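These notes concern the structure reproduced below.
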Amino acid sequence: MKMERREIEEKVNDFLVEEMEIEAEKIKPEALLKEDLGLDSLDFVDIVVIVERTFGFKIKPEEMADVKTVGAFYNYIESKL
């Protein structure tokens, strides 16, 4: 099943707010995951688990290496679905 881009964004934003406790207004496509949202390597481990559970695909850590912004993260998930 192809998921709409808007749905992907909503699900990602929801778990960033709920699970990672990031303020919703900070979550913008251009926001940097580490610098702007304050995510560290432990957070990324949690995010991998959440994404795998939510979207049903496995993430390879090396594929995430180039994902620096929220928008790039949406793009990455969209490309895997």
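If I filter the stretch 32-44 for residues that are among the charged types (D, E, K, R), within 11 Å of the chain's Cα centre (by Cα) and farther than 18 Å from K80 by Cβ, do I get at least one hit? I'd like the intermediate steps shown before the answer.
Our first condition is that a residue be among the charged types (D, E, K, R); within the stretch 32-44, this holds for 34-36, 40, 43.
Restricting the remaining residues to those that are within 11 Å of the chain's Cα centre (by Cα) gives 43.
Of the ones still in play, those that are also farther than 18 Å from K80 by Cβ are 43.
So far as the stretch 32-44 goes, yes, one or more of its residues are among the charged types (D, E, K, R), within 11 Å of the chain's Cα centre (by Cα) and farther than 18 Å from K80 by Cβ.
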Restrict the check to the stretch 41-57 and report whether at least one residue is in a loop (DSSP other than H, G, I, E, B) and among the charged types (D, E, K, R).
no
Do any residues in the stretch 36-51 that are of a type in the set (V, I, T) have Cβ atoms under 7 Å from those of residues that are in a helix (DSSP H, G or I), where the two are at least six apart or on different chains, and which pairs are they?
I50/F15; V51/I77
Tabulated pairs, the stretch 1-29, first modelled with pLDDT of 95 or more, second of a type in the set (S, T, N, Q), C-beta under 8 angstrom, 6+ apart or interchain
K11/T54; F15/T54; A24/N13; I27/N13; P29/T69
When the residues of the stretch 62-81 are filtered to those that are within 15 Å of E4 (Cβ to Cβ) and among the hydroxyl-bearing types (S, T, Y), which remaining residue is surrounded by the fewest Cβ atoms within 10 Å (Cβ to Cβ)?
S79
Whichever residue in the stretch 33-61 is among the aliphatic types (A, V, I, L, M) and surrounded by 14 or more Cβ atoms within 10 Å (Cβ to Cβ) and, among such residues, is nearest to I8 (Cα to Cα)
V51
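If you scan the stretch 17-31, which residues turn out to be more than 17 Å from D46 (Cβ to Cβ) and either β-branched (V, I, T) or surrounded by 12 or more Cβ atoms within 10 Å (Cβ to Cβ) (or both)? It would help to see each step written out before you state the result.
Pass one, the stretch 17-31, residues more than 17 Å from D46 (Cβ to Cβ): 23-26, 28-31.
Residues satisfying the conditions are K26, K28, P29, A31.
Name the single residue, out of those in the stretch 1-15 being touching a helix residue (DSSP H, G or I) at 6+ places or on another chain (Cβ under 8 Å) and in a helix (DSSP H, G or I), that is surrounded by the fewest Cβ atoms within 10 Å (Cβ to Cβ).
Of the residues in the stretch 1-15, the ones touching a helix residue (DSSP H, G or I) at 6+ places or on another chain (Cβ under 8 Å) are 3, 5, 8-9, 11-13, 15.
Now restrict to residues that are in a helix (DSSP H, G or I): 5, 8-9, 11-13, 15.
Numbers: R5: 12, I8: 19, E9: 18, K11: 17, V12: 20, N13: 16, F15: 17.
Out of the qualifying residues, it is R5.
The values are calculated or read from the model by the stated rules, or taken from the named source; none is laboratory data. Keep in mind that this is a model prediction, so the values were computed, not measured. We place every Cβ from the backbone using ideal geometry, glycine too, and count neighbours over all the protein chains shown.
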